[in-house]
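Novice: Here you go, one structure.
The values are calculated or read from the model by the stated rules, or taken from the named source; none is laboratory data. Only a predicted model underlies this, so the values are computations on that prediction, with no experimental measurement involved. Heads up, the Cβs are rebuilt from the backbone with ideal geometry, glycines too, and the neighbour counts pull from every protein chain shown.
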């Protein structure tokens with residue numbers, strides 16, 4: 001019975017959750033909201049305009065409030081890949097950006113296995 005409870009707790013801890021962050025801005029400055037939606041859950045590190053907003057959070061959806069309006073420089077690292085882009089932030093409505101991220105399960109191992117198979121096939125053919 002106790003092991004079953006531990007399994008449930010481990011699953012709940014490993015689950016993704018939506019992240020809400022607040023960008024530090026000057027008082028009185030016009031601000032908006034940026035929503036990033038990832039194609040799959042990922043371990044995310046994110047900076048906006050050079051300021052670190054998230055560091056190593058496991059999520060699929062990120063909402064950042066209080067971003068200064070205008071062009072925002074976004075740098076996102078997720079599952080070993082990274083993206084850098086600009087997004088227009090408006091004070092009237094949230095800016096939503098869908099992002100593709102690399103798969104987190106075994107991409108290195110798949111590449112290694114593919115290389116080994118290629119070498120074996122090549123050596124057998126020659």
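Novice: Could you grab me the full set of residues in the range 84-102 that are part of a strand (DSSP E or B) and either more than 13 Å from the chain's Cα centre (by Cα) or within 28 Å of residue 27 (Cβ to Cβ) (or both)?
Specialist: Taking the range 84-102 and keeping what is part of a strand (DSSP E or B), we get 84-89, 95-99.
Selection gives 85, 86, 87, 88, 89, 95, 96, 97.
Novice: For the range 51-83, which residues satisfy the criterion of being assigned to a loop (DSSP other than H, G, I, E, B) and at pLDDT 95 or above? Even if it seems obvious, please write down each step before you answer.
Specialist: Residues of the range 51-83 that are assigned to a loop (DSSP other than H, G, I, E, B), as a first pass: 69, 79-80.
The one that is assigned to a loop (DSSP other than H, G, I, E, B) and at pLDDT 95 or above: 69.
Novice: With respect to residue 36, is the statement that it is at pLDDT below 95, in contact with a strand residue (DSSP E or B) (Cβ under 9 Å, 6 or more places away or on another chain) and either part of a loop (DSSP other than H, G, I, E, B) or surrounded by 16 or more Cβ atoms within 10 Å (Cβ to Cβ) (or both) true? Give the steps one after another, and end with the answer.
Specialist: Working: at pLDDT below 95: no; in contact with a strand residue (DSSP E or B) (Cβ under 9 Å, 6 or more places away or on another chain): yes; either part of a loop (DSSP other than H, G, I, E, B) or surrounded by 16 or more Cβ atoms within 10 Å (Cβ to Cβ) (or both): yes.
In short, no.
Novice: Okay, next question. Looking at (1) in a strand (DSSP E or B); (2) modelled with pLDDT under 95; (3) loosely packed, with under 13 Cβ neighbours inside 10 Å, which is the only condition residue 41 fails?
Specialist: (3)
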